[in-house]
Amino acid sequence: MTQYVMLSQGLYEAAKSAAEKNRFCIEEQIEFWARLGRTCIENPDLPSAFIAECLLSLAESRSQKLAPFIPRSL
């Protein structure tokens, strides 16, 4: 389901710039920022940079069809 929200032009332009760097579309970038903010609030003991890297890693693994990790020795 899609919902529409009003954003300031400044926020839109910042998201557009960041989206290009992160290889997201603008909507994905804004959703990423929202998830990052929520996760930082829920985990105040973790550094925000660590949380951002974790979320980017999760987004990257979902966007690519990566092979699952299979250990060589069991």
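The values are calculated or read from the model by the stated rules, or taken from the named source; none is laboratory data. These figures come from a predicted structure and were not determined experimentally. So basically every Cβ, Gly included, is an ideal-geometry build from the backbone, and we count neighbours across all protein chains shown. Protein only, heavy atoms only, side chains kept; ligands, DNA and RNA dropped before computing areas. Shrake-Rupley method; radii C 1.70, N 1.55, O 1.52, S 1.80 Å.
Taking other residues whose beta carbon is less than 14 angstrom from the beta carbon of Trp33, and scoring Lys, Arg as +1 and Asp, Glu as -1, yields 0.
If you take the alpha carbon radius of gyration of the chain and divide it by 2.2 N^0.38 Å, what ratio comes out, to two decimals?
Details: Rg = 15.4 Å, N = 74, 2.2 N^0.38 = 11.3 Å.
The chain yields a ratio of 1.37.
For the chain, leaving out every one of the chymotrypsin sites (Phe, Trp or Tyr not before Pro) that falls in a DSSP loop and has at most 11 other Cβ atoms within 10 Å, the longest unbroken run is 5-68. Say each of Tyr12 and Glu31 gets a label point 7 Å from the Cα, pointing the same way as Cα to Cβ; how far apart are those two points in nm? Modelled inter-label distance: 2.0 nm.
The H on the amide N of Cys25, modeled in the peptide plane, is under 5 Å from the matching H of no residue at least 5 residues off or on a different chain. Along the axis of the charge dipole computed for the chain (Cβ charges of +1 for Lys and Arg, -1 for Asp and Glu, origin at the Cα centre), the listed residues Trp33, Leu11, Cys54 are led at the positive end by Cys54.
Tabulate in residue order the Karplus-calculated ³J(HN,Hα) for region 44-58, using 6.51 cos²θ - 1.76 cosθ + 1.60 with θ = phi - 60°, rounded to whole Hz; enter x for Gly and Pro. Taking θ as phi minus 60°, the curve returns x, 7, 9, x, 4, 5, 5, 4, 4, 5, 5, 5, 5, 5, 5 Hz for region 44-58.
Based on DSSP H runs of at least 4 residues, each adding -39500 (n - 2.57), what is the mean residue ellipticity at 222 nm of the chain after dividing by all its residues, to the nearest 500 deg cm²/dmol?
Working: 3 runs with 47 residues, N = 74.
Dividing the helical sum by the residues of the chain leaves -21000 deg cm²/dmol.
Rounded to the nearest 20 debye, what is the charge dipole size of the chain about its Cα centre when +1 sits on each Lys and Arg Cβ and -1 on each Asp and Glu Cβ? Using only the charged Cβ atoms, the result is roughly 300 debye. Taken along the Cα-to-beta-carbon direction at a fixed 7 Å, the label points for Leu58 and Asp45 span 1.9 nm.
Whole number in Å², please: accessible area per residue of the chain, 1.4 Å probe, ligands, DNA and RNA not counted.
Working: 6550 Å² over 74 residues.
Roughly 89 Å² per residue, with all protein chains present.
Summary of the geometry: region 37-61 and region 1-26, compared by the centres of their Cα atoms, lie 19 Å apart.
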